[in-house]
Amino acid sequence: MPNIESAIKRVRTAEKANFLNNTQKSAMRTAIKKFETAAAEGAENAAELLKVAQKAIDEAATKGLIHKNKANRDKSRLAKKLAK
């Protein structure tokens, strides 16, 4: 644990940022998994779940949690699964 006040504050800030980043990444993964299971089962709400998953991916890319190329690749793969 650091002794300098600014370093202590930085540790607190980093912990908060890590928590928020992990929460958003987890929500993105959950949205993707929900879509994939719905698409595999042929559910009627798969198109709606695709929109939710794509939005979650875009938000993660905007925040810098994932690279923009990975976001585009993931969205493309999800769209292909819906088309099948």
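Values quoted throughout were computed directly from the atomic coordinates according to the rules given, and no laboratory measurement underlies them. Nothing here was measured: the structure is a model prediction, and the numbers come from that model. As a convention, Cβ positions derive from the backbone with ideal geometry for all residues, glycine included, and neighbour counts pool all protein chains shown.
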For semi-axes √(5λ) of the Cα gyration tensor in Å, several values are listed as (1) 29, 23, 16; (2) 21, 14, 10; (3) 35, 12, 8; flag the one computed from this structure.
(3)
Rounding to the nearest 20 debye, state how big the charge dipole of the chain is about its Cα centre with +1 on each Lys and Arg Cβ and -1 on each Asp and Glu Cβ.
280 debye
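For the pairs Lys34/Lys70; Lys34/Lys80; Lys55/Lys81; Lys9/Lys34; Lys55/Lys80; Lys9/Lys70, note any where the Cα-Cα span goes beyond 27 Å. Write down the numbers at each step before the final one.
Numbers: Lys34/Lys70 19 Å; Lys34/Lys80 16 Å; Lys55/Lys81 17 Å; Lys9/Lys34 38 Å; Lys55/Lys80 16 Å; Lys9/Lys70 33 Å.
Flagged as over cut-off: Lys9/Lys34; Lys9/Lys70.
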For the chain, with the dipole built from +1 on Lys and Arg beta-carbon atoms and -1 on Asp and Glu ones, taken about the Cα centre, which of Ala56, Asn72, Thr37 lies farthest toward the positive end?
Asn72
On Cα atoms only, tilt of 68-83 relative to the major axis of the chain in degrees
30 degrees
What does the extension gain come out to for Thr23 and Ala43, with contour length at 0.36 nm per residue minus their alpha carbon separation?
4.5 nm
Restricting to aspartates and glutamates and to Cα separations under 15 Å from Lys51, and discarding same-chain partners fewer than 8 apart, the set is Glu36, Glu59, Asp74
Percent RCO, i.e. relative contact order, over the chain, from Cα pairs under 8 Å lying at least 6 residues apart
26 percent
Helix 5-41: angle to the longest alpha-carbon principal axis of the chain, degrees 0 to 90, nearest 10?
10 degrees
Efficiency of FRET from Cβ geometry, Asn3 and Lys68, R₀ 30 Å, rounded to 0.05:
0.15
